[in-house]
Amino acid sequence: MDKLKIMSVFGTRPEAIKMAPLIKELQSQTWCDPKVVVTGQHREMLDQVLDIFDIDPDYDLNIMSQGQTIFDITSRVLNGFGDILKKENPDMVLVHGDTTTTFAAAMAAFYCQIPIGHVEAGLRTWNKYSPFPEEMNRQMTDDLSDLYFAPTSQSKENLLRENKADDAIYVTGNTAIDAMKFTISENYQNPILSSNGSSVRRLLVTMHRRENLGTPMENVFTAIKEIAHDFEDVEIIFPMHKNPAVRDLAKKVLGNNTRIHLVEPFDVVDFQNILSRCHIVLTDSGGIQEEAPSLGVPVLVLRDTTERPEGIQAGTVKLIGTNRKLVYDAVSTLLTDSSEYDRMAHAENPYGDGKASKKIVSVIAEYFEKHIH
Ligand code: UD1
Ligand code: UDP
């Protein structure tokens, strides 16, 4: 029998990080002919991940343009990936998460009537515009999918609530934890972790969400600047997303301060190791809410909603929004109240045992056993 052609498609940094362990696992299977398509929705930030995990894509749509809109991304991915599907006719397409690459690639696979496996299925805020456009990207992708790889039992519950078939949903854990097995190292060192001595408390900050661009982001940056001013033992590390709307504002509000490091995006090995050695992380990222709980780092989430309630229930994650005073107060409390800090730093990782990729691959093999025999 011919090998099964399983085609993974992704385009942004977080999708690449969380698909990489799965691609490695697929590559180790004798029954599988794995194909990798990148859309290039991100360019530099995607390439950093491909380099680290040594993944050489079979196709690269290279769609990114400065100031790209969600209309641009959707139409370029739909057409470009559609052409690849017509040529390659894979047995299954795997998509990840909730980006516009994810949704448009799933749509293209649906138009070609190719089964779709959705990795990180079932995350929900139930709020159409928060996060935007990710909430509807993931809902629409789940509507198009045939197999659901839900990271937690709560995400499975969300899918059942939408009447997705019970026997198509598998709770696997999150492949983010698998990826950390490749990246985290006890002996890791970086000069940014030793600047100004070892008694410094380092706050890691990332921000990029579309709904936070502009005033909400400016409010948060102002609060961070005030924290750096008021707490002399605090340093801020801010790897700036490549989006100019983030970088320009960060430089304007946070620039020219010796205790605020505005740096280029770290590669994932640097980022996750630095994260594990920071005191607190402030972020609007999805993936970082999954990684920090297993590293014992308290997470303050710069958003009003989260599709990842597990970290909040575990106690490591707190939703604080983007109001200047509320952000200042939340950070200041964690810097001054050691029992509150310890409570948040000693919670459990709700995202599995780092074997999600293995589970996903065995479900795919089983799916074809059922459908071919
Ligand atoms: C995208 C996803 C978001 C995800 C995020 C992860 C959509 C609509 N948004 O948002 O769900 O959380 O990625 O980071 O799918 N840029 C570069 N080089 C890069 C990457 C980005 O120059 O390597 C710049 C470009 O100017 C680009 C802009 O950043 O136009 C925004 O990128 P885009 O992918 O449209 O949106 P993100 O905010 O990154
Ligand atoms: N990350 C990275 N370098 C950085 C910042 C983040 O490698 O400078 C990683 C981080 O470990 C996580 C992912 O990028 O796995 C999160 O990406 P992002 O916040 O851009 O997207 P989201 O998860 O919000 O979709």
Yes/no for residue 52 being in a helix (DSSP H, G or I), near ligand 1 (Cβ under 8 Å from one of its atoms) and of a type in the set (A, V, I, L, M, F, W, C): no
Hits in the stretch 176-193 - residues which are among the hydroxyl-bearing types (Ser, Thr, Tyr) and either under 20 Å from the mean Cα position of the chain (by Cα) or more than 15 Å from residue 276 (Cβ to Cβ) (or both): 183
When residues of the stretch 45-64 are limited to those that are hydrophobic (A, V, I, L, M, F, W, C) and touching a Gly at 6+ places or on another chain (Cβ under 6 Å), the one surrounded by the fewest Cβ atoms within 10 Å (Cβ to Cβ): 64
Residue match in the stretch 4-11 (condition: near ligand 1 (Cβ under 9 Å from one of its atoms) and part of a helix (DSSP H, G or I)): no
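Within the group 81, 71, which residue is away from ligand 2 (no atom under 16 Å from the Cβ), assigned to a helix (DSSP H, G or I) and buried (at least 21 other Cβ atoms within 10 Å of the Cβ)?
Result: 81 is the single residue among 81, 71 that is away from ligand 2 (no atom under 16 Å from the Cβ), assigned to a helix (DSSP H, G or I) and buried (at least 21 other Cβ atoms within 10 Å of the Cβ).
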Qualifying residue in the stretch 233-244 (condition: loosely packed, with under 15 Cβ neighbours inside 10 Å, touching a helix residue (DSSP H, G or I) at 6+ places or on another chain (Cβ under 9 Å) and in a helix (DSSP H, G or I)): no
Close pairs (6 angstrom Cβ cut-off, 6 or more residues apart or separate chains): touching a residue at least 12 places away in the same chain (Cβ under 8 Å) and closer than 16 Å to residue 357 by Cβ in the stretch 6-17, more than 11 Å from ligand 2 (Cβ to nearest atom) and assigned to a helix (DSSP H, G or I) anywhere: 6/26; 8/19; 8/23; 10/19
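Against the definition (modelled with pLDDT of 95 or more, more than 16 Å from ligand 2 (Cβ to nearest atom), within 30 Å of residue 311 (Cβ to Cβ) and surrounded by 24 or more Cβ atoms within 10 Å (Cβ to Cβ)), how does residue 149 come out, yes or no?
It is true that residue 149 is modelled with pLDDT of 95 or more, more than 16 Å from ligand 2 (Cβ to nearest atom), within 30 Å of residue 311 (Cβ to Cβ) and surrounded by 24 or more Cβ atoms within 10 Å (Cβ to Cβ).
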The stretch 293-303: number of residues that are within 16 Å of ligand 1 (Cβ to nearest atom) and closer than 20 Å to residue 155 by Cα: 2
Selection within the stretch 171-228 - part of a helix (DSSP H, G or I), within 16 Å of ligand 1 (Cβ to nearest atom) and either farther than 25 Å from residue 290 by Cβ or among the hydrophobic types (A, V, I, L, M, F, W, C) (or both): 176, 179, 217, 220
Neighbours by Cβ (under 7 Å, 6+ apart or cross-chain): first from the stretch 284-304, within 14 Å of residue 320 (Cβ to Cβ); second small (Gly, Ala, Ser) and within 14 Å of ligand 1 (Cβ to nearest atom): 304/130
Test for residue 140: is it closer than 29 Å to residue 281 by Cβ and assigned to a helix (DSSP H, G or I): no
Residue 179 vs. criteria touching a residue at least 12 places away in the same chain (Cβ under 8 Å), away from ligand 2 (no atom under 16 Å from the Cβ) and buried (at least 18 other Cβ atoms within 10 Å of the Cβ): no
Residue within the stretch 25-44 that is within 16 Å of ligand 1 (Cβ to nearest atom), in contact (Cβ under 8 Å) with a residue 12 or more places away in the chain, surrounded by fewer than 24 Cβ atoms within 10 Å (Cβ to Cβ) and under 19 Å from residue 141 (Cβ atoms) present: no
Residues of the stretch 104-136 satisfying the condition of being among the hydroxyl-bearing types (Ser, Thr, Tyr), more than 18 Å from the chain's Cα centre (by Cα) and assigned to a loop (DSSP other than H, G, I, E, B): 129
The listed residue being in contact with a strand residue (DSSP E or B) (Cβ under 9 Å, 6 or more places away or on another chain), farther than 22 Å from residue 68 by Cβ and within 16 Å of ligand 2 (Cβ to nearest atom), out of 22, 4: 22
Residue that is farthest from residue 244 (Cα to Cα), among those in the stretch 1-24 that are crowded, with 21+ Cβ neighbours inside 10 Å and touching a Lys or Arg at 6+ places or on another chain (Cβ under 8 Å): 6
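The values are calculated or read from the model by the stated rules, or taken from the named source; none is laboratory data. Computed from a predicted structure; not experimentally measured. In this analysis, Cβ positions are derived from the backbone assuming ideal geometry, glycine residues included, and neighbour counts consider all displayed protein chains.
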